[in-house]
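Below is one structure, written out as structure tokens, with a few remarks after it.
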Amino acid sequence: MVNLAVFCSGNGSNFQAILDAVRRNKLKATVAVMICDNPKAYALRRARRHGVPIVLIGRDAPWGVSTGDPRKAYEKILVRILRNQRVDLVVLAGFMRILTPYFIRAWRGRILNIHPSYLPAFKGAHAIRDAFEAGVKETGVTAHLVTEAVDAGPILMQEKVKVSQKDSLESLEKKIHRIEHQIYPKAIGQFIKNSLGGRNK
Ligand code: GRF
């Protein structure tokens, strides 16, 4: 079975969608660990409820490293944890920390992300708001591989979402999240089948 590490910083609704898909046997994988950088994240509660092991490493934790790049020190710990947990695939689900090339190289081709726009449109941390304020008639959701270029890795799955005249920012957010929850588990499953083939036998 493929071992996933899901990275979250906040609500964790995509994490929940992944847990539900695993429970329903729609996604053939195990959530081996949830990595979190925010002690207040609701995602932690979801993990506890489902008995998923949690690794909480806050952004300001003293990692026992007094010299060098603190981001790399943070990521070195992450890499070690993922190896110990025998993780096959890193799944970013609202993780609000940009990973450095060090981490991306260590997990090259095995990091996925979900982004709330129809990439390449509206990259960045405020994609839903940016699309709404731009007054576009449609935006969307994209599951993609993570590379060094932020929100620009190879696209795995995309779906468009119409913005109606009646939409508020909140209603658009809801629509987008609903689609994310549908396509992310599917995209992960498809990626496992196509690119990690054999590990599920
Ligand atoms: C989602 O909109 C996702 O596209 C973006 O961050 C948000 C996370 O939401 N990367 P949640 O924590 O999964 O509810």
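The values are calculated or read from the model by the stated rules, or taken from the named source; none is laboratory data. The structure displayed is predicted, hence computed values, not measured ones. Positions of Cβ are backbone-derived with ideal geometry, glycine not excepted, and every protein chain shown enters the neighbour counts. To get the accessible areas, we keep the full protein, side chains included, count just its heavy atoms, and leave off ligands, DNA and RNA. Shrake-Rupley method; radii C 1.70, N 1.55, O 1.52, S 1.80 Å.
Once the piece of chain linking R86 and R24 is laid out straight, how much longer is it, given 0.36 nm per residue of separation minus the C-alpha distance between them?
On the way: separation 62, 0.36 × 62 = 22.32 nm, distance 2.30 nm.
Between R86 and R24, full extension yields an extra 20.0 nm.
Write down the Kirkwood hydrodynamic radius of the chain, to one decimal in angstroms, obtained as one divided by the mean of 1/r over all alpha carbon pairs.
Taking every pair of different Cα atoms in the chain, averaging 1/r and inverting gives 17.4 Å.
Ranked by the mean number of other Cβ atoms within 10 Å of their residues, highest first, the peptides 97-108, 139-150 fall in the order 139-150, 97-108.
Within the same chain, lysines fewer than 8 places from K175 are excluded, and of the rest, those with a Cα less than 16 Å from its Cα are K137, K160, K162, K166. Within the chain, antiparallel bridges make up roughly 40 percent of the DSSP beta bridges whose residues both belong there.
Our helix-only sum for the chain, with -39,500 (n - 2.57) per DSSP H run of n ≥ 4 divided by its residues, gives a mean residue ellipticity at 222 nm of -11500 deg cm²/dmol. Which is farthest toward the positive dipole end of the range 2-195 among I54, N25, H177, measuring Cα position about the Cα centre, with Cβ charges +1 (Lys, Arg) and -1 (Asp, Glu)? Of the options given, the answer is N25.
Could you put M157, M96, M34 in order of accessible surface area, largest first, with the 1.4 Å probe and the full protein assembly present? Mind dumping the intermediate values first?
Details: M157 35, M96 115, M34 0 Å².
Greatest to least solvent exposure: M96, M157, M34.
Each peptide in 86-93, 168-175 was scored by the mean count of other Cβ atoms within 10 Å over its residues; highest first, the order is 86-93, 168-175. Taking θ as phi - 60° and the Karplus parameters 6.51, -1.76 and 1.60, the scalar couplings of the range 26-35 work out to 8, 10, 8, 6, 10, 7, 6, 6, 10, 9 Hz in sequence order, x denoting glycine and proline. Segment Q182..I98, full-extension length gain: 27.8 nm, with 0.36 nm per residue of separation and the alpha-carbon distance subtracted. Amide H contacts of W107: none lie under 5 Å away among residues 5 or more positions distant or on a separate chain (H built 1.01 Å from N in the peptide plane; Pro and chain starts excluded).
In order along the range 120-133, the phi-based Karplus estimate (6.51 cos²θ - 1.76 cosθ + 1.60, θ = phi - 60°) of 3J(HN,Hα) comes to x, 6, 6, 6, x, 7, 10, 4, 5, 4, 4, 5, 4, 5 Hz; Gly and Pro are listed as x. Amide H contacts of L156 (H built 1.01 Å from N, in plane; Pro and chain starts excluded): A143, H144, L145 sit under 5 Å, all sequence-distant by 5 or more or on other chains.
Entry for the range 1-111 at q = 0.13, 0.14, 0.19 Å⁻¹: log10 I(q)/I(0) = -0.46, -0.53, -0.98, Debye formula applied to identical alpha-carbon scatterers, no solvent contribution. Average accessible surface for the chain: 53 Å² per residue, computed with a 1.4 Å probe over protein heavy atoms with every protein chain in place. Ellipsoid semi-axes for the range 59-148, based on the Cα gyration tensor and the rule √(5λ), read 30, 16, 10 Å when sorted largest first. Label sites at E148 and L169, each approximated as a point 7 angstrom past Cα along Cα to Cβ, lie 3.4 nm apart. Ligands, DNA and RNA left out, the accessible area of the chain computed with a 1.4 Å probe is 50% carbon and sulfur. A 1.4 Å probe over all protein chains sorts R129, R46 by accessible area into R129, R46, starting with the largest.
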